[in-house]
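Working notes, structure below.
The values are calculated or read from the model by the stated rules, or taken from the named source; none is laboratory data. Values in this document were obtained by computation on a predicted structure and should not be read as measured data. So basically every Cβ, Gly included, is an ideal-geometry build from the backbone, and we count neighbours across all protein chains shown.
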Amino acid sequence: YTTLSMNPERLHCFYGKQSSLLHCHEEDIDATVCVGLEEIHNRISAMGYNGARVVIGNIDCQPSMNGGILIFVLGTMHGLT
């Protein structure tokens, strides 16, 4: 989350070619899943979280197929412009 706040244009580097990203706000009814580095990079760039302060409430990790891992993070972001 430090990278998300301080250097969001580099955050996609934490993902692989077949990774997916699902990001939504509490009031969102539908959320679009981004797949692949280019879609993930474009979505993160459009979020506008540069300089935000993150408060993590809960993290849950689960094993996934082929040795992968799912990471669920619940929290809030403050100081967005």
Check your understanding: If we keep just the residues of segment 50-81 that are touching a strand residue (DSSP E or B) at 6+ places or on another chain (Cβ under 6 Å) and of a type in the set (Ser, Thr, Tyr), which is nearest to Thr3 (Cα to Cα)?
Key -> Thr76
**Study point:** Glu39 out of contact with any helix residue (DSSP H, G or I) (no Cβ under 8 Å at 6 or more places or on another chain) and of a type outside the set (S, T, N, Q)
**Key:** yes
Point to revise | Residues of segment 10-30 satisfying the condition of being more than 17 Å from Gly75 (Cα to Cα) and touching a strand residue (DSSP E or B) at 6+ places or on another chain (Cβ under 6 Å) | key: Ser20
Check your understanding: Within segment 1-26, restricting attention to residues that are surrounded by 14 or more Cβ atoms within 10 Å (Cβ to Cβ) and assigned to a loop (DSSP other than H, G, I, E, B), which residue is modelled with the highest pLDDT?
Key -> Ser19
Review point. When the residues of segment 31-49 are filtered to those that are over 15 Å from Leu11 (Cα atoms) and in contact with a strand residue (DSSP E or B) (Cβ under 7 Å, 6 or more places away or on another chain), which remaining residue is modelled with the lowest pLDDT?
Key: Ala31
